[in-house]
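For reference, the structure discussed in these notes is given below.
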Amino acid sequence: MTAPLHEPTAEAAPSAAEEAAVAGTGAKAVQGRSLGRIAWERLKRDKLALAGGLVVLVLVVIALLAPVITNLLGQDPNEYHEDLIDPLFGTPTGSFGGISGDHLLGVEPVNGRDILARILYGARISLLVGFLSAVVAVILGTVLGILAGFFGGWVDSLISRVMDGLLAFPQLLFIIALVSVMPNEMLGLTGSSVRVFVMILVIGFFGWPYIGRVVRGQTLSLREREYVEAARSLGAGRLYILFKELLPNLVAPIVVYSTMMIPTNILTEAALSFLGVGVKPPTSSWGQMLSSAIDYYESDPMYMVVPGVAIFITVLAFNLFGDGVRDALDPKGSR
Amino acid sequence: MTTKRTPGRRKRAFAAVAAVAALLTTAACGGGGDDDNEGSKTGAAGYDAANNKVAQASLAKKGGTLKFGGAQDADSWDTTRGYYGFMWNFARYYSRQLVTGKTEPGKAGAELTPDLATGLAQVSDDGKTYTYTLRDGITWEDGQPITSKDVKYGIERVWAQDVLSGGPVYLKDVLDPEGEYPGPYKDTSKDKLGLKAIETPNDKTIVFKLPKANSDFEEMLALVSASPVRQDKDTKSKYGLKPFSSGPYKFESYSPGKDLTLVRNTEWKQDSDPIRKAYPDKITVQFFSDANQLDQRLISGDLDLDINQTGMSPQGRTTALKEHRANLDNPVSGYIRYAAFPQSVKPFDNEHCRKAVIYGANHVSLQTARGGPVAGGDIGTNMLPPSVPGSEGQKYDPYGLAGANKDGNAEKAKEELRACGQPDGFDTTIAVRNNKPVEVATAQSLQASLKKIGINAEIDQYDGSQTSGIIGSPANVEKKGYGIIIMGWGPDFPTVQGYGMPLWDSNYILESGNNNFALIDDPTIDGLFDDYVNELDDTRKTEIATEINHKVMEGGYYLPFVYEKFINWRSDRLANVYTTDGYSGMYDFVNLGLKSTTT
């Protein structure tokens, strides 16, 4: 992606014609370094961010390959192993939550399901909800934010008030209420898929104002810039200005906010599953595992540690990566 | 802003991990208790020492403060409105009835003994007239005598369901089946004692005239909803905040959901009361929102016992079983935990599909999900609780649930599926309360074992506080396709009528608040209940109870999980402790004493 800088060095700001030429003929025609290139070079120097990004990548691969990995390990996330449970206490008989060669992270109390397999499958839910709800929020937030900033007037007032309203809305309570009245089947989906679908939509819906406000603010300042004026005086249409002039300059903040939003969404999903309105059993999710571990925090602490650490690592990795991306894309940062 | 939100959430994740790490270290240092089984050094009576027998009766002294804790307040302390078992048990501190359960351990606790009355009822030959004479010296907390009119007024309050909802309505159903009496608050007669079925010829005599005989009528009079209430002290819907006492203790203070304190009723006379010992001077109850906190306070010795008597939570239970066995009892609760199959939901209209589920389920796994053999209970093999006369316990096991088929019998299940015309299995939905983790665990266990025989069950966790409108509405059950409903039931009074009638009699299929989940509409079963209600001979009553149980099991309407058992805590200080079948295996509160009167 080529995206011109939006900082005030007037000569550096490419005209609409130049930019169109760049888009048409390819990057090699450009003298100097593109923003993406600069950012990538900066990112490469930020070891912490790179490590975060690597962990994220590994998590995605693990989540995608969860069925393959569990198959290789010979475990099924929903298979009961009650022979590994002490019937008197309901906790695993083995030490450290029943860790053994077969069950690398131990087994769940009461029913003896393999924790590693459930963590792997749980990663799919967490990442799916985290990513897709961020996508929903980004699309809604960008479109509405850019409209509000560009058109101003009553459009701006309306969208801004809606954003204020949504930001003040008790989203967690609303989602809990919504999920409890959700039908079992919807749009050809059943069971857990309905819940996942609803969670993605609702978390995304309540997340868009955060991006929307930033995009609106940026648009407000950008639309007065000379290059926009120039395009307008050359007779460019509104849509052209919106998508060809303004949007490319908004990519940086949008990317930054999306990477920051994913971990928040993952935690929201965990919170919802923790409260029992997330995915349905027997589908596993990290939040749901944490929630059922509460009853065993003393007698089988490993059961709480494993999903807790999984959430911790994931959120940390995303945040480190997000911070790195922000620093790299910051035009004021040192090159 | 997203960035502003993120650090907050992140902090929470950090905190959780830190807490876990801290716990790990404490758990590691906290090992190995040393008090073994009997007669511990701390003075506790020993494991199961108060289960169906009296522990340390001779050590009880007069005086001291008896301290209850609880995770759940009563639904109401109004004798007419309470329906929780522990409330009925506790209400004997401040209320008396014509007759009540004996203050004896185990089965004897379920037998009736006179309380306000001088003796058990004189019953007429046709079983329709019950006459009682009241004792001398029975008084209210202000010293006035308790009269037969107070008893009648207290019972009349059951009719005022619009104001005083919540309690059992057996007396209303039996004394006024047509619903002719409007209740005391709408009564037009001057003394508000217009109910014709009860006569009070004088202050000492009360006569009940039943339109139709009911062999369990006296059991219903032993419920606390038959307690006397004095008209001038009746604060209607607020009565539960400060009931006017007829027993040895009276309310000193009560803040709902927080605490309750009873002190001695100085007007109560020991010689007027053959059953209550009234050992402590003061009784306090403290309520907690978190069961784990309650268990910790019990184990640390701050509190004497759990007023809810529903067993310790998994965490506290593990610690207690490992380190304080001598403080524990393991009674059978009288509850059966089960799954019911609504016949309105296909394919459960076919008995073979119902039986396929019964055979396909792994009963040991269900038992483990309930908490295992000790904290969960023995595998249930039929639908009559062991405390009810006529029950045969595990001896009657028509499906081999605790025997040959206890791990599930896939072959037999497949056979039944073929007979049902669904050889490849089918899809269905399990309905389970979302506020009972143990029930959700049983639903998951059932789901896992049914999958092996091709039955794909979806679990629907509904709001557990809305039971009567969700699974109690047959129309909703059919609409939602709840083929399997997970529930539990305990007897209101220990007979087949007090347990099974609402579950199995077709007359009890209701639009809302239904408990006949399987929608059993079998003329044979209805007929047997009619026979039971009319039968005055105890031996024959027991036989009919057994017969009803067999008919229910043969229909395959239910999959019983366990005959529920609890692990209940009793502190070192408690004396004269015993469990009673009269209150579903709870400790008999009214005669608990303390070994030392200093706190």
message = For the stretch B:387-432, give me each residue that is within 11 Å of chain A (Cβ to nearest Cβ) and either within 23 Å of B:PHE566 (Cβ to Cβ) or among the β-branched types (Val, Ile, Thr) (or both).
response = B:THR429, B:ILE430, B:VAL432
ask   = Can you tell me which residues in the stretch A:166-188 are in a helix (DSSP H, G or I) and either modelled with pLDDT of 90 or more or of a type in the set (Val, Ile, Thr) (or both)?
value = A:ILE175, A:ILE176, A:VAL179
inquiry  = Among the residues in the stretch B:253-263, are any under 19 Å from B:LEU321 (Cβ atoms) and either touching a His at 6+ places or on another chain (Cβ under 9 Å) or acidic (Asp, Glu) (or both)?
reply    = no
remark   = Matching residues in the stretch A:295-313 (closer than 18 Å to B:GLN296 by Cβ and more than 7 Å from every other protein chain (Cβ to nearest Cβ)) number 1
task = Only one of these is crowded, with 18+ Cβ neighbours inside 10 Å and either away from chain B (no Cβ under 11 Å) or not in a helix (DSSP H, G or I) (or both): A:VAL214, A:VAL196. Name it.
result = A:VAL196
task = Report the residue count in the stretch A:149-164 for those that are surrounded by 15 or more Cβ atoms within 10 Å (Cβ to Cβ) and either among the polar types (S, T, N, Q) or free of Cβ contacts under 8 Å to residues at least 60 places away in the same chain (or both).
result = 5
remark   = Checked the stretch B:336-376 for anything out of contact with any helix residue (DSSP H, G or I) (no Cβ under 8 Å at 6 or more places or on another chain) and within 13 Å of another protein chain (Cβ to nearest Cβ); matches are B:HIS363, B:GLY372
ask   = Conditions: (1) buried (at least 16 other Cβ atoms within 10 Å of the Cβ); (2) among the small types (Gly, Ala, Ser); (3) within 28 Å of the chain's Cα centre (by Cα). B:GLY119 meets all but one. Number of the miss?
value = (1)
request  = Consider B:ALA74 carefully, then state whether it is among the hydrophobic types (A, V, I, L, M, F, W, C), touching an Asp or Glu at 6+ places or on another chain (Cβ under 9 Å), assigned to a loop (DSSP other than H, G, I, E, B) and at pLDDT 50 or above.
outcome  = no
The stretch A:45-90, residues that are touching a helix residue (DSSP H, G or I) at 6+ places or on another chain (Cβ under 7 Å) and surrounded by fewer than 13 Cβ atoms within 10 Å (Cβ to Cβ) = A:LEU48
Criterion violated by B:PHE14 - all others in (1) under 21 Å from B:VAL577 (Cβ atoms); (2) out of contact with any Pro (no Cβ under 9 Å at 6 or more places or on another chain); (3) at pLDDT below 90 satisfied = (1)
Residue match in the stretch B:505-512 (condition: part of a loop (DSSP other than H, G, I, E, B) and more than 28 Å from B:TYR84 (Cβ to Cβ)) = no
B:GLN296 being free of Cβ contacts under 8 Å to residues at least 40 places away in the same chain, over 20 Å from the mean Cα position of the chain (by Cα), over 30 Å from B:ILE485 (Cα atoms) and outside the structural domain of B:ILE379 (by TED's automatic domain parsing) = yes
request  = Take the stretch B:448-476 and flag every residue that is surrounded by 16 or more Cβ atoms within 10 Å (Cβ to Cβ), aliphatic (A, V, I, L, M) and in a helix (DSSP H, G or I).
outcome  = B:ALA448, B:LEU450, B:ILE470
remark   = Within the stretch A:314-334, the residues that are at the interface with chain B (Cβ under 10 Å from one of its Cβ atoms) and among the basic types (Lys, Arg) are A:ARG326
note = Reported set for the stretch B:302-326 where residues are hydrophobic (A, V, I, L, M, F, W, C) and away from chain A (no Cβ under 14 Å) is B:LEU303, B:LEU305, B:ILE307, B:ALA326
task = Could you grab me the full set of residues in the stretch B:435-468 that are within 13 Å of another protein chain (Cβ to nearest Cβ) and over 21 Å from B:VAL562 (Cβ atoms)?
result = B:LYS451, B:LYS452, B:ASN456, B:GLU458, B:ASP460, B:TYR462, B:ASP463, B:SER465, B:GLN466
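The values are calculated or read from the model by the stated rules, or taken from the named source; none is laboratory data. Small disclaimer: the values here were computed from a predicted structure and weren't measured. Note that we place each Cβ from the backbone using ideal geometry, even for glycine, and neighbour counts take in every protein chain shown.
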